[in-house]
Structure formats: C-alpha cells, structure tokens
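*Asks:* Below is one structure. I have some questions about it.
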Amino acid sequence: MTGSAISDRIAQGSGRVVADTVIRNVRLFDLVTGTLLPTDIAICGDAIVGTLDSYEGATVIEGHGRIAVPGFIDTHLHVESSLITPFEFDRCVLPHGVTTAICDPHEMANVLGRPALDYFTEAALRTVMDLRVNLSSCVPSTALETSGATLGAADLLAYRDHPKVIGLAEFMNIPGVLNGDPVCMEKLEAFAGGHIDGHAPLLRGRRLNGYLAAGITTDHEATTAEEALEKVRKGMMVLIREGSVCKDLRALVPLLNPVTSPFFAFCTDDRNPLEIAHEGHLDYLIRLAISLGVEPLAAYRSASLSAANAFGLRDRGLIAPGRRADIVLLDDLRECRVSDVISAGRLVNDALFAAREIIPPVGIDSINLPAPVTARDMEITGSGTQRPVIGLLPGQIITPFLHADLPVRDGIVQPDPAQDIARICVVARHGHNDNIGRGFVKG
C-alpha cells in the first residue's frame, strides 16, 4: 500500500475528509462483548476506517438499523466438488455473506496436476470474493491410488509465494507423516513455518501428537466432541464441518461457546448448488448452530475472527478501522438473514459479477478410457461367503469395514437389497491403465 493510500485512510477515518463510502445507521455486532452498538461505518477504498461514530460519505449505503457483522470465512472446501467453476461459486455464495473462502483444488489437481493449480490461482485473482488457495499436498492421496497426476514438493514450491496462496492443504497421508515417508517429509520441510492444513479423522493420543509435531495446525475431520476437544487442547484449530455429505456440526457444537470460540471455525467441505440455493452456505451453519443453543457471539466469532486468525488473515474478521471492508448486513441476527454484502468496500450486486474477467476452465477432455466399459466389466466373481463390504454412516465420511454373506448366481457375486448391500465400482479414468475396482457397499 502506498503512502498516499495510508494518508487517505487516516484523513477519512479521522473525519478530516469525507469517506469514500459510509454505511449509515447500523447496529454493529461487537465480537468482543456480544453487544449491538449503533454506528456508521466509514470505508476508504477496500478498508474500514471508522466505526462507533457518525460519518459523511461520497457514497452512502443506508443501513436502516440492520445488524452489521464481519464477512464469513469458509476455512476449507473444494470448489470443484460443488460442481461449479470458481466464478459461479463466487456468484452463488457471496450473497450468503461468504466474503473469503479457502479452497484446496485437490480433486482437480488429482486429475490434472499443475494446470489445476494454474487455473485456480488465476481464477482467484478475478473473483469478487477473496478466494484463497491452499496447495494440494497429497496428489495422489497415497501410493495405493492411481491418479491422473503427481505433485511433488518442487511443483508446490512454484506457487508458495503467489498472492492468493496461503500454504499447504490437508495433509491426508497420515501414515506417510508418522512413518517419515521421504515424499511427505520433503513437502513438510518445504512449507515448514507456514500454514499446513490437517486431515486426521479418528487420530488420537500419541499418534496425534506425532502428527501435530510436523507443524500441522488445523483439522476438519473431527466427528465427535471427545475427539475435537483433545485436538483443540493440543493446539489444533478444529474446523466444524457441515456440508452436503459430511455433517458434523450437531456432534461438535456442544463444545462451542464464547470461551472456546477462538479455537473453532466453520467449513463446508462442500455444499452442492441445490443446497446452497435452498438452505444457504455458511449462513446456514451459523443459523443451525444458534438453533442448537450456541450463543450468537460464539457462532459469529468462529465464522469470522477465529477463522481469520487461524489462517493468518490479520486484515479481516472484525468490523474495525484498518480491517478489510468485508461486511454483512443482517435483517435478523439469530436467523442470520443476509440482506446485503459488502466485499472489499463494494456493494455486491449483479454488475459487480458482470465486470469480472472470466477465464476458460481446464480439464474438459480429461476422461480417457482405453475401451468402452460394459456391464460384464462390473461383475465380481468368486465366493459370496464373508465378502468385504464398505459401510456408510449417514452424514459422515467414516466407513466401517464390514463382512456379509452374499448370493452367487452363475459364478457372479450378487448385490443383496434385502441386506441393503449394493455393488460399487470405480473405473480408472486417467488413461494410465484399465483398472476397475469392484466391491460392495451397505447403507
């Protein structure tokens, strides 16, 4: 920031000069005390410069007594898993108050490698919201997987200093970390001292200690209050997840209160467009948490200030002078009913989205099958006695390892609807081989 920009902020904040924009007559929800404070909010460029006072502005947004809270921060998601581009994601979730999102383009990187990181970092420079990127740390997730690409430490280091990159995304190869796998060690060393996201479902005790000793600081995989409490006590920031597939909020919110809220944030990981349209995004998580008994102070603090602190985004998370002007205006605090959103000092509207430069997506031709797949390719032969079965738990990503006796017809092991057991297949789509994984799933 130039000296003249700093001077402008000082002059407008101190009232010597008319502010660029003033949001007039709002009730600021104070994330320190949880009280509502009547005020104007003065904005210079993309920064808040005045609160708890009255101001004049070249542009005035009438608050009409609405409640002003800081913009929401989704701390972990995969935009491509919401089945839309970053630009459509921007248009879908920003009106719900999500002014910052931290994405890991892992699903796309697992197919394309560096072109996926190129695409997301370039797209993030053009979205209205502040889309931040954590670099996909495990491509492939483990050596057991056939991925479309491989990302080594040197590949990731090429993006470390990009202005939209925060650090290293979810380190899901837990055995690799704990056993000192050289590939894992090289990546952890390359990003030591920076932000490294965790991914540690069910990890407890000494194994959790070893994992944290690698410099990993966050986790979105806690599914019980006991697991989450151990993790925050050991210094992790627990990201409470409520998405389309994984729904952990009800299990974890008993831990969330004004005392503990600095150690919890929210994430979606991920929500599909229909649920975004019908229920919302982080506004839905806040609304649900409050309906389950969480105090509004704890819910809104976790959705903004705590999230900002966890990821080193010191310029946001509060409506306060010097902070980024990401502001959500609410008609109702407990219901989190969003009526207007200001992103970097700009009122969010259709014209703002229309002014973006849209870059074309990549990977459209990435499905490469060596030969057509037929029904016969899906058949499972052998004995039906005590076949391994993947168990599904509603709303969770954890899968119990089950066994079941299944019927056999003409040498082919059959699914069994009476036991709620279906056949499942995974077809290699990268063109490297013609592998098909075949199995059964219950639930």
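Values in this text are rule-based calculations from the coordinates and carry no lab data. Owing to the predicted nature of the structure, the values given are computational and were not obtained by experimental measurement. Reconstructed Cβ throughout: ideal geometry from the backbone, glycine too, with neighbour counts over all protein chains shown.
*Asks:* Where in the chain lies the longest segment free of GluC sites (Glu not before Pro) that are both loop residues by DSSP (not H, G, I, E, B) and have at most 14 other Cβ atoms within 10 Å?
*Replies:* 146-334
*Asks:* Follow-up question, since we're still on this one. Counting Lys and Arg as +1 and Asp and Glu as -1, what is the net charge of the other residues whose Cβ lies under 14 Å from the Cβ of Gln12?
*Replies:* Overall, the nearby charge balance is -4.
*Asks:* Something else now. So if each residue of separation counts as 0.36 nm, and I subtract the Cα-Cα distance between Glu107 and Met378, what length gain in nm does that give?
*Replies:* Using 0.36 nm per residue and subtracting the Cα-Cα distance, I get 95.1 nm.
*Asks:* Antiparallel as a % of all DSSP beta bridges within the chain, to the nearest 5?
*Replies:* 55 percent
*Asks:* Still on this structure, I have one more. Relative to the longest principal axis of the chain, what angle (0 to 90°, nearest 10) does the C-alpha long axis of helix 282-291 take?
*Replies:* Roughly 90 degrees between the two axes.
*Asks:* Need one number: % antiparallel among DSSP beta bridges in segment 1-99, to the nearest 5. Please report the intermediate quantities before stating the final value.
*Replies:* Details: 11 of 19 bridges.
Approximately 60 percent, going by the DSSP bridge assignments.
*Asks:* Next question, about the same structure. Using mean Cβ contacts within 10 Å as the protection proxy, how do 243-251, 265-273, 388-396 order, highest first?
*Replies:* Values: 243-251: 19.1, 265-273: 23.9, 388-396: 14.4.
Going from most to least packed, we get 265-273, 243-251, 388-396.
*Asks:* Short version: ³J(HN,Hα) in whole Hz for each residue of segment 326-341, in order, from phi by Karplus 6.51 cos²θ - 1.76 cosθ + 1.60 (θ = phi - 60°), x for Gly and Pro, what are they?
*Replies:* My calculation for segment 326-341 gives 9, 9, 10, 9, 10, 7, 8, 6, 5, 8, 6, 8, 7, 10, 8, 10 Hz in order.
*Asks:* At 7 Å along Cα-to-Cβ for each site, give me the label-to-label distance between Asn433 and Ile359 in nm.
*Replies:* 3.4 nm
*Asks:* Please tell me which of these pairs span more than 25 angstrom C-alpha to C-alpha: Lys187/Lys231; Lys231/Lys442; Lys187/Lys234; Lys234/Lys442?
*Replies:* Working: Lys187/Lys231 23 Å; Lys231/Lys442 30 Å; Lys187/Lys234 23 Å; Lys234/Lys442 35 Å.
Exceeds cut-off: Lys231/Lys442; Lys234/Lys442.
*Asks:* For Ile196, list long-range residues whose amide hydrogen, built 1.01 Å from N in the peptide plane, is under 5 Å from its own amide hydrogen.
*Replies:* Leu168, Thr217
*Asks:* Determine the calculated [θ] at 222 nm for the chain from helices alone, applying -39500 (n - 2.57) to every DSSP H run no shorter than 4 residues and normalising by the residue count; nearest 500 deg cm²/dmol.
*Replies:* -6500 deg cm²/dmol
*Asks:* Same structure again: Applying the Karplus parametrisation 6.51 cos²θ - 1.76 cosθ + 1.60 with θ = phi - 60° to the phi angles of segment 9-22, what ³J(HN,Hα) value in whole Hz is obtained for each residue in order, glycine and proline being reported as x?
*Replies:* 5, 5, 5, 6, x, 7, x, 6, 10, 4, 5, 4, 9, 10
*Asks:* Another question, if that's okay. Based on the Cα coordinates of segment 21-69, what is the per residue volume of their convex hull in Å³?
*Replies:* Spelled out: Cα convex hull of segment 21-69, divided by residues, is 68 Å³.
*Asks:* Can you compute the FRET efficiency between Ser14 and Arg409 using 1/(1 + (r/R0)^6), with r the Cβ-Cβ distance and R0 = 60 Å? Round to the nearest 0.05.
*Replies:* The pair Ser14/Arg409 has a calculated efficiency of 0.15.
*Asks:* Then there's this: Please go through segment 348-417 and write out the trypsin sites (Lys or Arg not before Pro) that DSSP classes as loop and that have at most 14 other C-beta atoms within 10 Å.
*Replies:* The qualifying sites are Arg356.
*Asks:* Moving to a separate point now. Using only Cα atoms, tell me the angle between helix 114-124 and the longest principal axis of the chain; keep it within 0 to 90° and round to the nearest 10.
*Replies:* In the chain, helix 114-124 runs at an angle near 20 degrees to the longest axis.
*Asks:* Now for a separate question. Starting from the Cα-Cα distance between Val259 and Val60, subtract it from 0.36 nm times their residue separation and give me the gain in nm to one decimal.
*Replies:* Full-extension gain reported as 68.0 nm.
*Asks:* Hey, another quick one. Pairs of Cα atoms under 8 Å, at least six residues apart: use those to get the relative contact order of the chain, whole percent.
*Replies:* 15 percent
*Asks:* Right, something else. Could you pull out which residues in segment 188-207 have an amide N less than 20 Å from a spot 7 Å beyond the Cα of Leu157, following the Cα-Cβ vector?
*Replies:* So the set is 188-197.
*Asks:* Same structure, new question: For segment 1-86, which chymotrypsin sites (Phe, Trp or Tyr not before Pro) are both in a DSSP coil and crowded by at most 15 other Cβ atoms within 10 Å?
*Replies:* For chymotrypsin sites (Phe, Trp or Tyr not before Pro) across segment 1-86 that sit outside H, G, I, E and B with at most 15 neighbouring Cβ atoms in 10 Å, the list is empty.
*Asks:* Continuing with this model, one more query. Return the sequence-ordered ³J(HN,Hα) values of segment 78-88 in whole Hz as given by the Karplus equation 6.51 cos²θ - 1.76 cosθ + 1.60 applied to θ = phi - 60°, using x for Gly and Pro.
*Replies:* 10, 3, 5, 6, 7, 6, 9, 6, x, 6, 6
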